[in-house]
Amino acid sequence: MSLAHTAGHLLLILLLIETGKTLGNAHSLCLDLTVKFQSRRHQPWCQVQGSVDTKPFLQYDSASNKVKPLGFLGKEVNDMKAWTEISQTLVEAGKQLRMVLPVIKLDKNETRGPPTLQVKLCCQCEAEQCSGASLNFSLNGRTALLLDTMSITWTVIDPGATGFKEKWEHNQKLAEYFRNISTRDCSYWLREFLKHGEKMLVPEPTEPLIMAPDISQSASIRLVSCIILLIITQLVLIASSS
């Protein structure tokens, strides 16, 4: 077998391995927070649901002030240090977001008073490294803003929410707090949970994270690049063997 043919086979193997990584080794952790400035008596003003690869594994509400495990993964990891840390973070994150609500000003035709704020905090890991992180903001149930917290890139969905964006950027302490959660803490929790519960996550296609375009497309770009290189390598092998 020629040197070129051998090198071609080695390259083909490496490309197949990389393609496998792109397709199968990405995991995500998302925390969906819903915060109201005021709530009825005995009703929660903050509710959170956490999921790994879109599968719910925890639930929190401010009325009970407890984080409850959901599903097999939740029961498997609820005695870990990471579980304690994420529980404490959810309580504080809810308080921080509640303080932002009174300063949010919507269009005049909106309902008076502070809106309901939904924040979807997500991170994605590949090969035990954080490959994406984002904050998605919705006001009164409508998606308003997307923030890529790794590159600090905003995508404005609702022009009426630009005032909220400016308030968020002006409050550097708050912005840095949530950036650290999404880019640092979230990926750490995800890696810890996967050590104990990865076998419980049945391999299946997961919903793509709603992130800023450059993050959400990165895995697809790598996959397309791998496929193109696979085709070129195969053509070289065919030509060298003829």
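The values are calculated or read from the model by the stated rules, or taken from the named source; none is laboratory data. Here the structure is a predicted model, which is why all the values come from computation and not from measurement. Surface accessibility is based on the protein's heavy atoms, side chains included, excluding ligands, DNA and RNA. Shrake-Rupley method; radii C 1.70, N 1.55, O 1.52, S 1.80 Å.
Odds and ends about this structure:
- Cut-off under 5 Å, modelled amide H: who pairs with T153 long-range: D148
- When you restrict to C-alpha pairs under 8 Å that are six or more residues apart and normalise by the size of the stretch 53-184, the relative contact order lands at 15 percent.
- Cα-based radius of gyration of the stretch 120-168 once divided by 2.2 N^0.38 Å, which approximates compact folds: 1.26
- Placing F137, F72 in order of accessible area, with the largest value first and a 1.4 Å probe, yields F72, F137.
- Phi-derived couplings, Karplus 6.51 cos²θ - 1.76 cosθ + 1.60 at θ = phi - 60°, listed residue by residue for the stretch 28-41: 9, 10, 10, 10, 9, 9, 10, 10, 10, 6, 10, 9, 5, 4 Hz, with x used for Gly and Pro.
- Phi-derived couplings, Karplus 6.51 cos²θ - 1.76 cosθ + 1.60 at θ = phi - 60°, listed residue by residue for the stretch 160-173: x, 9, 4, x, 5, 4, 5, 4, 5, 5, 5, 8, 5, 5 Hz, with x used for Gly and Pro.
- The stretch 93-192 - convex hull of alpha carbons, volume per residue in Å³: 95
- Amide H to amide H distances under 5 Å link S131 with Q124, C125, E126, where only residues 5 or more positions off or on other chains count and H is placed in the peptide plane.
- Taking amide H atoms as placed 1.01 Å from N in the peptide plane, the amide H of A63 lies under 5 Å from those of W45, C46, each 5 or more residues away in sequence or on another chain.
- Karplus (6.51, -1.76, 1.60) ³J(HN,Hα), θ = phi - 60°, over the stretch 62-70, in Hz, Gly and Pro reported as x: 6, 5, 8, 6, 10, 9, 10, x, 10
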